Amino acid sequence: MLEKLFHIRAQGSSVRTEILAGFTTFLTMSAILFVNPDILAAAGMDHGAVFVATCLAGAIGCLLMGLLANYPIGQGPGMGINAFFAFGLVKGMGLPWETALGAVFLSGILFILVSLFKVREWFVNAIPACLKHSISAGVGLFISLIALQQAGIVVASPDTMLALGPLGTPSVLLAAFGFLLMVVLDRRGVPGAIIIGILAVTAISVGLGYTPYGGIVSAPPSLAPTFLKADILAALHPAVLGVVLSFFLMSLFETSGTLIAIAERGNFLDKDGHLPRLKRALLADSTAISAGALLGTSSTTSYIESTTGIAAGGRTGLTAVVIAGLFIAALVFAPLAAMVPGYATAPALLYVAILMLRSLTHLEWDELTETAPAIACISTMAFTFSIADGIAFGAITYVITKLATGQGKQLSLPIVVIAALFIARYLFL
C-alpha cells in the first residue's frame, strides 16, 4: 500500500529511510511548537490553545503535502510571519487577533484560487535560473546564521551588530560536538548521521543537567479559546484588505522560495528547472493556511528544515506523513519533545547550510547581470531574516539590470510582474 501511494522504490528510498527522514525533519522544526505559542501569546492569544493549533495545523499541512503532492516537505506555522501577525498587526496596528486570523484565512483562500488557476505556478516557474540558485544559497546562509545564533556562537552587538559569543558555554560546546559528529558520521557513511547527532546532544544535555527532564506525557490543553475565532467579516473591511494582501504576498514568496530551495537540494526539479506536481504542493500549503487560521494560528508554510530530512534520505511523501504523525504525537508527548534544546538542532541546520551553499557553483560569475541579482538576493535574505525580501531584491535587481544593459528580451512577463508587485509593495503597503 505504501509503495502504491508514494512510489518509494522508484525514488531510490525505503520505508525505513523515509521514517528516519521524517523524524529528522520533525526534530529540526519542533522548536515551532514552543516558539509559536510564545509569540502569539504576546498578541493576547491563549498559549495552550495556540500550542494545540500549532500541532494540528502542522499535521494537516504535512498530510496534504505527503498524500497530495508526494514530497518530503514538512509544514507548520511560519517563523517571521507569526512575528508580523503579533507585533506588526495586533500590537502595532491595534487589530484584534481575531481579525488578524480572519485576514490569514482570506489570504489562504486567495492562495487556493491562484493555485487552482495556475497563476502561482506560473510565477514560480518564471523565476530565472540565477535566482533559483541564489535562493538556495541564500536560504543556506540564512539558516547558518540562525544556527550559529541558536548555538550561542554568534550574539548581538551594539557596535558591530554581530559578534562572537562566549565559546566556553555548554550550548556552544555541545553544538560544536553535534556538528562535528554529524560530519564525521556522514563522511563515514553512517545512516542517520543528522538524527544521531541531534539525539546524542540531547541525551548529553539531559544527562549533565543542562536540560531538565520534563517527563514523558501530559494531557493536551484545550483548543476552545482559539478554535473558529477568526473574524472573517471584520477582515473583509476595506481598511483590512491591505493586511490580507500583505499576508498573501509574504506567504507567496516565502513559500515559493522555500519550495525552490528544497526542490533544488532534493534534486526534484526536472530538466527545465520546474518542480513536478508544483500545483499540488502549492494547493497543499494554501489549504493548510486557511485550516490553521480556523484552528487558531498564523500562516502555515513549507519549512526549509525539510532539507535535513532530505539530507537523511527522504524522497517521498511518506516522510511528510511521518512528520504529521509526530505533530499529533506531540500533543501528548509535549514534555518529551520540549527536551530537545535549540543547540541540539543548530548543528543540523549548519550541516544543511553547507550543502545548500553548493548551488553557488552554478552561477554564471562572468555575467554581472546574472550574479548581481543573485548576490542581492543572497545577502538580503540572510541579513534581513526574510526569504521574501531576498527574492524581492533579487527580482528587482534582475529586471533593472537586464533592461539597463539592453538585454530586455531575456525577461519574461512573469518576472517583470513579480518585480513590479514587489516595488508596489515596498512603496504603498
Would a scan of segment 177-186 turn up a residue that is surrounded by fewer than 17 Cβ atoms within 10 Å (Cβ to Cβ), touching a helix residue (DSSP H, G or I) at 6+ places or on another chain (Cβ under 6 Å), within 30 Å of Pro347 (Cα to Cα) and not small (Gly, Ala, Ser)? no
If you go through Ser157, Ser222, the only one that is over 30 Å from Ala395 (Cα atoms) and in contact (Cβ under 8 Å) with a residue 12 or more places away in the chain is Ser222
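Which is polar (S, T, N, Q), in contact with a strand residue (DSSP E or B) (Cβ under 7 Å, 6 or more places away or on another chain) and either touching a residue at least 60 places away in the same chain (Cβ under 8 Å) or surrounded by fewer than 21 Cβ atoms within 10 Å (Cβ to Cβ) (or both), of Thr211, Thr202, Thr258?
On inspection, the qualifying residue turns out to be Thr258.
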Looking at this structure, is Ile194 within 23 Å of the chain's Cα centre (by Cα), surrounded by 12 or more Cβ atoms within 10 Å (Cβ to Cβ) and assigned to a helix (DSSP H, G or I)? yes
Do we find a residue being in contact (Cβ under 8 Å) with a residue 24 or more places away in the chain, under 26 Å from the mean Cα position of the chain (by Cα) and closer than 22 Å to Leu259 by Cβ anywhere in segment 402-416? yes
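To keep it simple, each residue is scored yes or no on (1) at pLDDT below 80; (2) open to solvent by 60 Å² or more (accessible area, probe 1.4 Å); (3) among the β-branched types (Val, Ile, Thr).
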site: Val340; (1), (2), (3): yes, no, yes
site: Tyr343; (1), (2), (3): no, no, no
site: Ala346; (1), (2), (3): no, no, no
site: Leu349; (1), (2), (3): yes, no, no
site: Val352; (1), (2), (3): yes, no, yes
site: Glu370; (1), (2), (3): no, no, no
site: Ile378; (1), (2), (3): no, no, yes
site: Phe385; (1), (2), (3): yes, yes, no
site: Gln410; (1), (2), (3): no, yes, no
In segment 279-300, anything modelled with pLDDT under 85 and buried (at least 24 other Cβ atoms within 10 Å of the Cβ) is listed as Ala281, Leu282, Asp285, Ser286, Ser299
Could you figure out which of (1) without any contact (Cβ under 8 Å) to a residue 60 or more places away in the chain; (2) under 24 Å from Thr307 (Cα atoms); (3) surrounded by fewer than 20 Cβ atoms within 10 Å (Cβ to Cβ) isn't true of Asp389? (3)
Scanning segment 85-97 for residues that are surrounded by 20 or more Cβ atoms within 10 Å (Cβ to Cβ) and part of a helix (DSSP H, G or I), the one nearest to the chain's Cα centre (by Cα) turns out to be Phe85
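The values are calculated or read from the model by the stated rules, or taken from the named source; none is laboratory data. What you see is a predicted model; the values in this text were computed from it and never measured. A quick note on method: Cβ atoms are made from the backbone with ideal geometry, for glycine too, and the neighbour counts reach across all protein chains shown. Quick note on the areas: whole protein, heavy atoms, side chains included, nothing else; ligands and nucleic acids left out. Shrake-Rupley method; radii C 1.70, N 1.55, O 1.52, S 1.80 Å.
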